[in-house]
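Structure first, then comments.
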Amino acid sequence: HGVYQLAVLLTLLFAGPDMFGFPQAEIDQDSEHYTLIFNVFVFMQLFNQVAARKVHNELNIFGGLNRSWLFCIILFVETAVQVVIVQVGGTAFHCVPLSWQSWVASIAFGLGSWVVTYVLKLIPMRLFKASHKNA
């Protein structure tokens, strides 16, 4: 899972300007490029919070979510705070408002965390246990 996040963030860091048509910015300059990287990172964490609720290889990550009202409220507040930080945080958070395309990309990369989680849960654990015994 961490490999997915690292790959996405490094790809955005080095290829983001070409992928999204951002002008090249200096490292200490507020830009949509660096704001997108920050936003994608946060959304991958937010989506991972939902997936991380199920730790026993349960494939349905939404099971019991309707009974976790406190979790849902916290997730909603975290998402709302992220939107405010990015869209109106400005100088205080070194962010610039993102375009709708950048928001869609942020959410899509976040959803990718669910895909990676699902695929990883399909790998039988006995493969790891057997290789651990031989080591």
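The values are calculated or read from the model by the stated rules, or taken from the named source; none is laboratory data. No experiment lies behind these values; they were computed from the predicted model shown. Virtual Cβ from ideal backbone geometry, glycine too; neighbours counted across all protein chains shown. Just the protein is used for accessible areas: all its heavy atoms, side chains included, with ligands, DNA and RNA removed. Shrake-Rupley method; radii C 1.70, N 1.55, O 1.52, S 1.80 Å.
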Exercise. Cα-based Rg (one decimal) and Dmax (whole number) for the stretch 31-127, in Å?
Worked result: 15.5, 51
For this session: Could you tell me what percent of the accessible area of the chain is made up of carbon and sulfur, with a 1.4 Å probe and every protein chain present?
Result: 69
Exercise. On average, how much accessible surface per residue is there in the chain, in Å², for a 1.4 Å probe, leaving out ligands, DNA and RNA?
Worked result: 64
Exercise. Hey, got a sec? Which trypsin sites (Lys or Arg not before Pro) in the stretch 44-135 land in a DSSP loop and have at most 13 other Cβ atoms within 10 Å?
Worked result: none
Problem set entry | Amide proton proximity set for Val96, modelled H, under 5 Å, gap of 5+ | Ser31, Thr35
Exercise. Picking from Pro17, Pro97, Pro124, which is most flexible by a Gaussian network model of the chain using Cα springs under 10 Å?
Worked result: Pro124
Seminar exercise, completed: What helix-only [θ] at 222 nm does the chain give? Using -39500 (n - 2.57) per DSSP H run of at least 4, over all residues, to the nearest 500, the answer is -23500 deg cm²/dmol
Problem set entry | Positive-end residue of His1, Val81, Leu98, charge dipole of the chain with Cβ unit charges | His1
Seminar exercise, completed: Given unit charges at Cβ for Lys, Arg (+) and Asp, Glu (-), the dipole magnitude of the chain about its Cα centre in debye, nearest 20, is 1060
Seminar exercise, completed: In whole angstrom, the spacing between the Cα centers of the stretch 1-77 and the stretch 89-108 equals 12
For this session: Would you kindly derive the ³J(HN,Hα) couplings of the stretch 31-41 from the backbone phi angles with the Karplus curve 6.51 cos²θ - 1.76 cosθ + 1.60 (θ = phi - 60°), listing them in order in whole Hz, with x for Gly and Pro?
Result: 8, 5, 4, 6, 5, 4, 4, 4, 5, 4, 4
Problem set entry | GNM flexibility winner over the chain from Val104, Val86, Val116 (Cα, springs under 10 Å) | Val104
